[in-house]
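Working notes, beginning with the structure itself.
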Amino acid sequence: MKKHATTGLAGASILAVILRKALCAAFISVLAGAATARAEYPEHLIHGIVPFAPGGTNDIAARLVSPYMSKILGQSVVIENKPGAAGNVGIEALAKSAPDGYTIIFSATASTQNPALYRTLRYDPINDIQPVAVIMESPYAIFVNPHLPVKNLLEIVALARKRPGSLNASAGGIGTRLSVELFKIQNNISIEVIPYNGTGQASLAVATGETQLAITDISGFKPYLDSGKVKMLAVAGEKRLPFFPQVPTTAEVGLPNYKTGTTAAVYAPAKTPAAVVAKLHGIIDSIVVLPEVTEQIHKLGGSPAPKSVEELNQWYRREIALWKDIVAKAKIPYEN
């Protein structure tokens with residue numbers, strides 16, 4: 001009897017081992033299947049949101065890199081302009097989309113400056129948004145309608161002081177608005193800010209004389225510069241731009257403290273899988289340094305500025321904190 005019991009226990013033990021091995025094999029198979037699914041990203045088209053109207057930095061950057069992304073990924077990256085509330089409509093749409101890598105946004109200053117200007121947002125800029133990659137960094141420039149009787153930046157300051165409230169500036173988004181506000185604060189002058197839906201509309205306003213000046217990126221102004229419908233007085237960066245070497249920097253014309261610009265970047269919803277973020281990041285980094293893409297970026301007044309995902313995360317949080325501090329110091333009222 002004892003020998004029979006022992007044999008039975010041994011058989012049961014062998015069966016348990018077989019069952020454990022079968023379960024392990026099934027579990028490994030599931031993991032392998034999941035890994036394969038992740039490796040196949042993307043399996044269908046990617047929705048790329050531009051949170052402003054066509055023609056501005058966000059839109060131009062998106063349409064510059066998206067064809068390359070489509071080719072490399074093997075799936076179309078379809079761009080949709082979703083303007084409204086200074087970019088908040090588009091950013092909210094991203095924040096509320098599924099974190100699966102199939103919805104991304106091409107956004108510049110709105111992502112880092114809107115949290116400083118809006119009392120309430122329908123998304124959390126830190127917990128709902130994941131920075132992915134930088135497309136380009138661009139210093140802003142000061143543009144004027146040719147009929148404005150000024151030849152340089154200091155003459156704008158002098159005119160604004162001589163005739164307070166007589167000047168107006170178009171703003172195609174939060175970044176361009178804050179750039180004008182910073183200019184006003186540093187020079188103790190008054191300029192009325194006229195809001196527009198995107199840099200394209202803001203630049204058209206200066207070209208047609210609807211507004212007198214703008215402080216923004218070059219992208220929307222390029223056609224009007226070529227035709228002479230606007231003048232570029234200065235670049236608010238550290239050095240002159242390669243494609244506009246005749247235009248001085250703000251430091252060269254006597255305003256060394258005035259520096260402002262934008263960073264066009266790609267963002268995804270928070271909780272997007274790290275592997276997906278890494279894949280998109282690597283692809284975009286590889287695209288912006290292609291000679292033909294870099295040349296186009298230079299023509300737009302920018303430069304490629306690749307950062308690691310971690311560096312970009314840190315930059316994103318620093319920028320949000322920085323603009324909150326500037327808005328508070330400038331006593332700019334919150335938007336509702």
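If you go through segment 259-313 and pick out every residue that is aliphatic (A, V, I, L, M), assigned to a loop (DSSP other than H, G, I, E, B) and under 14 Å from Pro42 (Cβ atoms), you end up with 0. Could you list all residues from segment 195-224 that are among the β-branched types (Val, Ile, Thr) and surrounded by fewer than 18 Cβ atoms within 10 Å (Cβ to Cβ)? Thr208, the sole residue that qualifies. Is it the case that segment 274-289 has a residue that's out of contact with any helix residue (DSSP H, G or I) (no Cβ under 9 Å at 6 or more places or on another chain), basic (Lys, Arg) and modelled with pLDDT of 95 or more? No; the residues of segment 274-289 include none that is out of contact with any helix residue (DSSP H, G or I) (no Cβ under 9 Å at 6 or more places or on another chain), basic (Lys, Arg) and modelled with pLDDT of 95 or more.
Flag: Ala268 matches the condition of being open to solvent by less than 20 Å² (accessible area, probe 1.4 Å), touching a residue at least 12 places away in the same chain (Cβ under 8 Å) and among the small types (Gly, Ala, Ser). Only one entry of Ser107, Ser97, Ser166 meets the criterion of being open to solvent by 10 Å² or more (accessible area, probe 1.4 Å), out of contact with any Ser or Thr (no Cβ under 6 Å at 6 or more places or on another chain) and hydroxyl-bearing (Ser, Thr, Tyr), and that entry is Ser166. Figure legend. Inter-residue proximity from segment 250-263: first residues within 16 Å of Lys151 (Cα to Cα), second residues assigned to a loop (DSSP other than H, G, I, E, B) and open to solvent by 50 Å² or more (accessible area, probe 1.4 Å), beta-carbon distance below 6 Å, spacing 6+ or different chains. Indicated pairs: Val253/Asn152.
A quick yes/no check of all residues on (1) modelled with pLDDT of 95 or more; (2) more than 19 Å from Val288 (Cβ to Cβ); (3) open to solvent by 30 Å² or more (accessible area, probe 1.4 Å):
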residue: Gly48; (1), (2), (3): yes, no, no
residue: Ser66; (1), (2), (3): yes, no, no
residue: Ile72; (1), (2), (3): yes, no, yes
residue: Val77; (1), (2), (3): yes, no, no
residue: Gly84; (1), (2), (3): no, yes, no
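The values are calculated or read from the model by the stated rules, or taken from the named source; none is laboratory data. Please read all numbers here as calculations on a predicted model, not as lab measurements. Glycine gets a Cβ as well: all are built from the backbone with ideal geometry, and neighbour counts include every protein chain shown. Please note that ligands, DNA and RNA were not included when accessible areas were found on the heavy atoms of the full protein model with its side chains. Shrake-Rupley method; radii C 1.70, N 1.55, O 1.52, S 1.80 Å.
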